[in-house]
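These notes concern the structure reproduced below.
Read-outs: derived from the displayed coordinates by stated rules, not from any lab. The model shown is predicted, which means the values in this text are computed figures rather than measured ones. With ideal geometry, Cβ positions are generated from the backbone for all residues, glycine too; neighbour counts draw on all protein chains shown.
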Amino acid sequence: MIAEAGHFALILALFFTLMQSIYPFIGYFKNDQNAMMSARANAVVQFMLIAFAFAMLITSFATSDFSVALVQKHSYSLQPLIYKISATWGNHEGSMLMWVFILTLFSALVAIFGVKLPLTLQSLVLVVQGWISFTFTAFIIFTSNPFIRLSPAPIEGRDLNPILQDFGLAIHPPLLYCGYVGFSVAFSFAVAALIEGKIDNIWARWVRPWTLLAWMFLTLGIAMGSWWAYYELGWGGFWFWDPVENASFLPWLTGTALLHSAIVMEKRNALKSWTILLAIITFSMSLLGTFLVRSGVLTSVHAFASDPTRGIVILCILLVTVAGALSLYVFRAKLLTSQTLFQPISREGGLIINNLLLTAIMIVVFVGTLYPMIIEAINGSRISVGAPFFNLASAPLAAMLAIIIPFGPMLAWKRADLLGAAQRLAIIAFLAFCLGLLLMWRLDNDTPVLASFGLILGIWLIFGAIYELLYRAKLGSVPVNIFFKRLFGLPRSAFGAAFGHMGVGISVIGVIAVTSFQHEVITVMEPEKSVDVGGYEVRFDGVSDRAGPNYHEEYGQFIISKGGSQIAALEPSKRTYRASRQNTTEAGILHLGLSQLFITLGDPKNDGAYAVTLFYKPLVSLIWGGAAVMVLGGFLSLMDRRLRIGISKRVKKMPDSAQKPSMSEA
Amino acid sequence: MTKKQKRLAVIGGLLTVGGIAIFMILFAAQDNLLYFRSPTDIIAGEVDTKTRIRLGGMVEENSIIKTNTTITHFKVTDYAETIEVVYDGILPDLFRECQGVVTEGTLGQDGVFVADIVLAKHDEAYMPPEVAESLKNETGSEIGCNKEQSS
């Protein structure tokens, strides 16, 4: 009965989404308050129905009800409970249901927290959300129904793909989807503004927290995926420029640009139509990502076997959404233009350069990702665009961006003093240069020039972010106690921006350190033999067996020592899963401060010897640590009083004096 | 700024971004595009020994020779022609006989393909589109291997 209840709730939800797509929309044109109001309740009911359906699917998975086809295909009775649950979204049907679940969750949040929005805007936003929910709910019901039964019911399942049986991958899809789908709110706000033909800085103030929230989830999701690929696939790489990875990176790039352009719109009432365009593009990129992952059109190590007809349906949804939103944009955007004075040397000027560079990187990644598909369609030759292309094409743009980031917050709105900012930052540049040299000397003696430049850039970003806070608190020019008072009195969004930029710097250092200074040894090791990896002595003590809950594993025993004293033991393993007979490699990872020692076990050779890959990865943890710092920055910004959801109107009514700090907000 | 100046600024900005992006793309694409080739293409002499390519097809049955070093030999076939491949490194978990594989490297003078990357995949049932395509072109249907291992 559980699956049928879920199925029923899903169908019921389809009717509610249809109603939300039409009724309040008509209400908007007829100026019918009640019809517009109905969108709120509808969004909440719809969310509860989808949540119920999703909960029923999770229950079917958790209780291993193999009479449900999807459960039988992707689960196994001996799987640990957490992987039984995560198996719910470890497949196409379940992940699409989760997609819609998160979508309706965001709609419900807009309905509940947006009561202070102008009713017309709120109901239009919910109508647009309704269009998306309706399309995808229909997509699930008609092409990817997760609740189909099997008769007769098999007694055992076929097991979840073993490499998905991992904690990182249990939470990676929910985080990533919260990011993807979270951008639907910005999209709906943009389309609503276009329909209404009016937009103001209140709009930007409302869009920013939602964008920020989605951006935080997307950042976490990408970082989690990268971390998972790093330890689970056993190659020791953190980013492969694989089409599916790029698909998550594209909305991140435009989403980051959107965050910044929304600031300009809020503070200076400028860049309106550009911000709207970015909101549309960002969600379109999210849909593109869904399409690429779910259709299997591109060769990707991340691709899963898929049904091409579903791909075509998603492609149609994508094309209709993009074409619809963009034509609306073409016809309506001119209503939104603003008459603001604009000086190139100013905070807003800096933010525009940020946007231009992020967009340029986005175009590079976009073209590189889709190029093989286009070429094949044109002349049939099959090519692939790999890491060398993306690194070469995007690194210079990213470096330019890194150079200008610390300047941005030092520039004033409207008209700024670039020379002054440069003078103030000179000391930071000098410090970054010295520290970069020191770090290089610690990592390696003969450093490539480009790598040293990268390290210096990373440090420049971190110091620049810290310096900005100190500068704004007037370090040195006021007594110490006043300095601290000022520092802690800075708006949280100032800390948010500083942490966000610092996080970028931290990740840059991690990426450069690993790509340029890692030490890799691929060898055949006999028992009792040792190798030297990055200054650590690793001894191989042979291989033993043991059984896990639903797998059997061979694990190698490695003793790591430095300077003669033993520091740790690692047990990388190769698992064979019982139900599917598939193998996975579990890397052994030893954290040495921010660096890591990474060992994977390969094939057995003669006399108990094994092929082994060993890496010393300096500062590798910084890659994901940086992402965590960025998310922390996002969180701090979100906690800012002026951005807190629902407070926008009150702030506006405050007298001038109370509004003052917002003028200098980052 | 007047309206006209503003429009010029917008167009100028967009052209700059587009220009930079296109320049970077063309610049980086010069040497970094990899062509996908099948064993038939190689036998037909369409591949020289200097260019990096991707070679794809099925791993031929009983062709995997594991040595006592990290080097592995195997054969990639599209059921019309077969190419010997040598790879130094640790193979991905899902590398098996009778399964689609994509390798990256260069063709040696002796006709043996020297791979430095063997692509893994996440899903047993997944077949890289290029491999599926090239198998379809050559035979019209999948033949040869018994599919026992991949059930």
Practice problem: Over all directions, average the projected area of the Cα convex hull of the stretch A:171-212 and note it in nm². | Solution: 2.8 nm²
Quiz item: Given A:Lys116/A:Lys334; A:Lys267/B:Lys6; A:Lys574/B:Lys66, which pairs have Cα atoms separated by over 21 Å?
Solution: A:Lys116/A:Lys334
Quiz item: Under 17 Å from the 7 Å Cα→Cβ point of A:Arg424, by amide nitrogen: which residues of the stretch A:396-415?
Solution: A:404-415
Exercise. Give the Debye-formula value of log10 I(q)/I(0) at each listed q (0.10, 0.12, 0.18, 0.25 Å⁻¹), with one equal scatterer per alpha carbon of the stretch A:37-126, two decimals each.
Key: -0.34, -0.46, -0.74, -1.10
Practice problem: Arrange the following residues from fewest to most other Cβ atoms within 10 Å of their Cβ: A:Leu233, A:Leu287. | Solution: A:Leu233, A:Leu287
Quiz prompt | Paramagnetic reach from A:Arg581 in the stretch A:543-560 [backbone N under 19 Å; point 7 Å along Cα→Cβ] | solution = A:550-554
Practice problem: Using a 10 Å cut-off on Cβ to Cβ distances, tally the other chain neighbours for every residue of B:11-18 and report the average as a whole number. | Solution: 3
Exercise. Give the relative contact order (percent, whole number) for chain A; include only Cα pairs under 8 Å separated by 6+ residues.
Key: 12 percent
Quiz item: Applying 1/(1 + (r/R0)^6) with R0 = 30 Å to the Cβ-Cβ distance of A:Ile404 and A:Leu326, what FRET efficiency is obtained, to the nearest 0.05?
Solution: 0.55
Quiz item: Semi-axes of the equivalent ellipsoid of the stretch A:413-505: what are they in whole Å, largest first, if each equals the square root of 5 times a C-alpha gyration tensor eigenvalue?
Solution: 28, 15, 13
Quiz item: Between A:Leu150 and A:Lys198, what FRET efficiency comes out of the Förster formula 1/(1 + (r/R0)^6) with R0 = 51 Å and r the beta carbon distance, rounded to 0.05?
Solution: 0.45
Quiz item: Taking the convex hull of the alpha carbon atoms in the stretch A:245-296, what volume per residue do you get, in Å³?
Solution: 46 Å³
Quiz item: In nm, to one decimal, how far is the modelled label at A:Ile374 from the one at A:Trp441, with both set 7 Å along Cα→Cβ?
Solution: 4.8 nm
Quiz item: Based on DSSP H runs of at least 4 residues, each adding -39500 (n - 2.57), what is the mean residue ellipticity at 222 nm of chain A after dividing by all its residues, to the nearest 500 deg cm²/dmol?
Solution: -22000 deg cm²/dmol
Quiz item: Along the three principal axes, how long is the stretch B:65-118 when you take its alpha carbons, biggest first, rounded to the nearest angstrom?
Solution: 28, 26, 18
Self-check item: For the stretch A:101-156, projected area of the alpha-carbon convex hull averaged over all directions, nm²
Solution: 5.3 nm²
Exercise. Kindly provide the Kirkwood hydrodynamic radius of chain A in Å, to one decimal, from all pairs of distinct alpha carbon atoms.
Key: 26.9 Å
Quiz item: If the convex hull of the alpha-carbon atoms of the stretch A:535-646 is projected onto planes in all directions, what is the mean projected area in square nanometres?
Solution: 11.6 nm²
Practice problem: Quickly work out the A:Ala138-to-A:Ser565 label distance, labels modelled 7 Å from Cα along the C-beta direction, and quote it in nm with one decimal. | Solution: 7.0 nm
